[in-house]
Each structure stands twice: as C-alpha cells, then as structure tokens.
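A.B. asks: One structure, pasted below without further comment.
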Amino acid sequence: MSNKNEIEGALKRLIDGNNRYVSSKMAHPNQTENRRKEVIKGQKPFAVIVGCSDSRIPPEIIFDQGIGDLFVIRVAGNIVDDVALGSVEYAVDHLGTKLVIVLGHGNCGAVTATVQGGEAHGHIGSIVRTIAPAVEKARAQTGDLIDNAIKINVALVVDEIKSSSIIKKMLEQDSVRVAGAYYDIDSGKVDIIA
C-alpha cells in the first residue's frame, strides 16, 4: 500500500470511528483479550493524536478505536514541548505511524484561561505562555474569541510539529501527514480544520 493510501486509510478510520461515536453505534474494535495478547509483541498505531488532557475528550472513545490503534499524547491545550514533540517523532520514525492529528476542542479550559488573563500560578504559566500567540492572533478576527483561539492554537501546533527536522523530512517524502482537527464538545463531531 502506498503512503498516500495508508494516510487516507488512517484518516478514514478516524472519521468513520467518530461517526460511529456521534451516532452512538460504537464498534469498540480491538478491545478483546486476543488484541491485548497481540500487541504484547509490539505496537503499530495507525495514527498519532496530540490532544488535550481534558477528561471529556478521550481519543480512543471519540474515535471508537481500541488497544494499539492510537499513539496518544495528551497535555492541557494540546500543545507540544520538546518531550511531546519527541513522542510524535518516535511514533512516526520508529513505529511507522503515517498520520498525526492535533485535536483541539470546544470549551478548552487552557485556551479560555489564556483569553481571560490573570496570574497563572506554578507551571500553569508555561501552558498559558505557549497558547498566548494563538489568542493574540484570534483578537484580530471577528467571531468568537475563544473558539477562534482554539482553532488557531491547533494550527500553530500543527506548524510546530511540521517544523521538526524528522517530521519535515518525512513530509517532503510524502510519508506522513500532519493535520489539525476540532472536536465539538456538544455534538461529539470531529472536523479536520488545518
């Protein structure tokens, strides 16, 4: 199978799984004892999800996937630092994963806190500082400030992942795709946005 077909197939699996979730017709694939035994030998996730730590946004559930299907990196605000970016690089370079999705979502508390301003205590300040450029860009747009900032934040994280030397090389070879997505917390629907 060509890289392009593999990438499109991975995206279709995610979208199909999300459609099952939205319609409450989940298949719960790869969640058996046999699957658990199968992945003991190693993992071959078909997609990387860089998502928010928000407990309302569990990628395996909203995409109706199972054990070993997704390589998930979760941090508040779906941002990446060196460790998270290294995790993405590991998945695409060593595990052969062809699709990376940065998953933002409605009602994101990290983005909302950044928009609202004020003092962020402890290490929370590093999250706010990372999201601040998205908020500043969103202030120049019409529409809902928080929702715009969430989507811009996704696009900025996509760009940051694409700037990795490992990912950049793979993008040039068309052996990986990095895309942004938005989860509507009300409907459960995921749309590809960047």
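A.B. asks: Would you check if His121 is farther than 17 Å from Ile166 by Cα and at pLDDT below 95?
C.D. replies: Values: farther than 17 Å from Ile166 by Cα: yes; at pLDDT below 95: yes.
Yes.
A.B. asks: Which pairs turn up if I take residues in the range 16-45 that are in contact (Cβ under 8 Å) with a residue 12 or more places away in the chain and among the β-branched types (Val, Ile, Thr) and look for partners that are surrounded by 13 or more Cβ atoms within 10 Å (Cβ to Cβ) and assigned to a loop (DSSP other than H, G, I, E, B) with beta carbon separation below 7 Å, at least 6 apart in sequence or on another chain?
C.D. replies: The qualifying pairs are Val22/Gly188; Val22/Lys189; Val39/Ile67; Val39/Gly68.
A.B. asks: Kindly provide the set of residues from the range 131-145 that are surrounded by fewer than 17 Cβ atoms within 10 Å (Cβ to Cβ) and in contact (Cβ under 8 Å) with a residue 12 or more places away in the chain, ordered by number.
C.D. replies: Selection gives Ala132, Pro133, Lys137, Leu145.
A.B. asks: Please specify each residue of the range 58-104 satisfying the condition of being in contact with a His (Cβ under 9 Å, 6 or more places away or on another chain) and farther than 20 Å from Arg20 by Cα.
C.D. replies: Asn78
A.B. asks: Just checking, does the range 186-194 include any residue being modelled with pLDDT of 95 or more, in a helix (DSSP H, G or I), among the aliphatic types (A, V, I, L, M) and surrounded by 13 or more Cβ atoms within 10 Å (Cβ to Cβ)?
C.D. replies: No, that holds for no residue.
A.B. asks: While we're looking at this one, here's another question. Got a sec? Which of Val83, Val115 is of a type outside the set (S, T, N, Q) and in contact with a helix residue (DSSP H, G or I) (Cβ under 9 Å, 6 or more places away or on another chain)?
C.D. replies: Only one candidate passes the filter, namely Val115.
A.B. asks: Select from the range 103-147 the residues that are touching a Ser or Thr at 6+ places or on another chain (Cβ under 8 Å) and more than 19 Å from Asp81 (Cα to Cα) and list them in ascending order.
C.D. replies: Ile146
A.B. asks: Which numbered condition in (1) small (Gly, Ala, Ser); (2) free of Cβ contacts under 8 Å to residues at least 60 places away in the same chain; (3) assigned to a helix (DSSP H, G or I) is the only one that Gly77 fails?
C.D. replies: (2)
A.B. asks: Within the range 39-46, is even one residue crowded, with 19+ Cβ neighbours inside 10 Å and at positive phi?
C.D. replies: Within the range 39-46 (the criterion being crowded, with 19+ Cβ neighbours inside 10 Å and at positive phi), the answer is no, since none of the residues qualifies.
A.B. asks: Sticking with this one: Can you give me the number of residues within the range 33-62 that are of a type outside the set (Ser, Thr, Tyr) and either in contact with a helix residue (DSSP H, G or I) (Cβ under 8 Å, 6 or more places away or on another chain) or in a loop (DSSP other than H, G, I, E, B) (or both)?
C.D. replies: Count: 17.
A.B. asks: Right, something else. Looking only at the range 20-36, count every residue that is among the charged types (D, E, K, R), more than 22 Å from the chain's Cα centre (by Cα) and surrounded by 10 or more Cβ atoms within 10 Å (Cβ to Cβ) and tell me the total.
C.D. replies: Result for the range 20-36: 2.
A.B. asks: State all residues of the range 146-177 that are in contact with a helix residue (DSSP H, G or I) (Cβ under 7 Å, 6 or more places away or on another chain), basic (Lys, Arg) and surrounded by fewer than 18 Cβ atoms within 10 Å (Cβ to Cβ); if no residue qualifies, say none.
C.D. replies: Residues satisfying the conditions are Lys162, Lys168.
The values are calculated or read from the model by the stated rules, or taken from the named source; none is laboratory data. Remember, it's a predicted structure, so these values are computed and weren't measured experimentally. Every residue, glycine among them, receives a Cβ derived from its backbone with ideal geometry; neighbour counts consider all protein chains shown.
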